[in-house]
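Scroll down for the structure; my scribbles are underneath it.
The values are calculated or read from the model by the stated rules, or taken from the named source; none is laboratory data. Since we're looking at a predicted model, the values are computed, not measured. Here the Cβ positions follow ideal geometry from the backbone for every residue, glycine too, while neighbour counts run over all protein chains shown. All accessible areas refer to the heavy atoms of the entire protein, side chains included, with ligands and DNA or RNA removed. Shrake-Rupley method; radii C 1.70, N 1.55, O 1.52, S 1.80 Å.
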Amino acid sequence: MHYSKIDFKDYQFSYSLYGEPTQPRILFLHGFMGSGTVFEPIISQLRDRFYCLTVDLPGHGKTRIIGSSECYTMENTASALIQLLNRLEFPPCFLVGYSMGGRLGLYLALHYPQYFPKVFLESTSPGLKTEKERKERREKDFGLARQLVTGNLELFLSHWYNQPLFNSLPQHPEFHQLLERRLQNDPIGLARSLTYLGTGSQPSLWDKLQDYPNPLLLMVGEFDPKFRAINKEIRDRAPAARLYIAEGCGHNIHFENPELFARAIARFFSESSN
């Protein structure tokens with residue numbers, strides 16, 4: 001596995017490229033506690049047709065933040081990713097985002113639509129609608145961040161994957177390997193990501209959905225009722241959005257059924273937009 005690094009301002013991004021530059025391009029954004037490597041089983045099925053870019057987001061993988069904690073916010077992370085794409089001469093490109101990476105991907109799509117002609121979001125959300133909801137979520141996220149810094153990462157993972165949205169995940173035969181990869185994370189980096197890029201800290205994107213013009217595919221798991229409801233509402237608000245419910249899957253579809261996930265990506269990005 002070959003990683004590349006690129007430095008600018010307060011960021012040192014770790015990224016990987018797969019496939020041929022002449023092919024249509026896809027940017028992949030991972031979820032909380034993941035890294036760009038989580039998409040390798042997907043990319044192995046796509047790299048003969050697409051040129052794929054994975055990036056370790058701030059607080060994750062091999063990416064390093066040189067500046068202040070403000071570098072972790074959604075606005076600043078999005079701006080830094082646009083600079084990274086420009087440096088790599090990667091735009092325009094398709095975008096795939098999962099969970100936290102999906103929230104960031106939606107922010108990018110809404111604020112930089114000219115960069116991303118089609119967007120594929122897995123198990124994502126436009127954020128919380130009211131300041132009261134955001135305040136309550138921030139307090140919860142800050143508590144989890146303190147646990148990460150002062151506690152035991154293995155215990156944190158046990159509690160994290162005990163959430164209802166991950167009910168189907170522990171049944172997966174490779175769940176133990178997933179936990180082992182998560183244990184490689186830096187708890188301080190995760191805590192900063194949770195504090196500044198968490199759902200409670202991100203700006204609400206709900207009011208911008210009705211003006212989004214580009215094709216948007218929303219993928220959610222059959223066993224993830226919370227995100228099914230959220231994504232049905234996104235579909236109803238965004239004019240060009242479609243909803244795909246993945247049977248037999250929970251929140252983390254790309255891990256639970258990578259073949260289904262890769263086929264859905266290839267089909268969506270190969271379709272004519274007309």
## Note on the structure
Taking a straight Cα-to-Cα line shorter than 19 Å from Lys62, and setting aside same-chain aspartates and glutamates fewer than 8 residues away, one finds Asp7, Asp10, Glu40, Glu70, Glu180, Asp186
#### Entry: Two-site label geometry, Asn86 and Ile188: point separation in nm, points 7 Å out along Cα→Cβ
3.1
### Query
Cα gyration tensor of the chain, axes a ≥ b ≥ c as square roots of the eigenvalues: rounded (a/c below 1.5), prolate (a/b > b/c) or oblate?
rounded
### Task
Over segment 86-191, consider all pairs of different Cα atoms and compute the Kirkwood hydrodynamic radius from their mean reciprocal separation; express it in Å, one decimal.
16.3
### Query
Given the Cα-Cα distance of Gln177 and Glu75 and 0.36 nm per residue of separation, how much length would full extension add, in nm?
33.5 nm
### Sequence-distant lysines (8 or more away, or on other chains) whose Cα lies within less than 23 Å of Lys226
Lys129, Lys132, Lys135, Lys140, Lys208
### Task
Between Asn167 and Arg242, with labels modelled 7 Å along Cα→Cβ, what's the label distance in nm to one decimal, could you check?
2.9
### Query
Which residue fluctuates the most in the chain, going by a Gaussian network model with Cα springs under 10 Å, if the choices are Thr150, Thr54, Thr63?
Thr150
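Does segment 67-111 classify as rounded, prolate or oblate by the C-alpha gyration tensor (a ≥ b ≥ c root eigenvalues; a/c under 1.5 gives rounded; else a/b over b/c gives prolate, otherwise oblate)?
Because a/c hits 1.5 or more and a/b fails to exceed b/c, segment 67-111 counts as oblate.
In square angstrom, what is the accessible area per residue of segment 181-235 with a 1.4 angstrom probe?
Result: 43 Å² of accessible area for each residue.
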### Asp7-Ser270 FRET efficiency (beta carbon distance; Förster radius 30 Å; 0.05 resolution)
0.30
### Query
On full extension of the chain, what length is gained from Glu131 through Trp160, given 0.36 nm per residue of separation minus the C-alpha to C-alpha distance?
8.0 nm
## Note on the structure
Pseudo-spin-label distance Ser44 to Thr150, built 7 Å along Cα→Cβ, given in nm, is 4.2
## Note on the structure
With all protein chains present, the chain has a carbon and sulfur share of its accessible area (1.4 Å probe) in percent of 48
### Task
At most 13 other Cβ atoms within 10 Å and a DSSP loop assignment: could you name the GluC sites (Glu not before Pro) in segment 143-245 that fit?
Glu174
### Summary
Among trypsin sites (Lys or Arg not before Pro) in segment 169-274, those in a DSSP loop whose Cβ has at most 11 other Cβ atoms within 10 Å are none
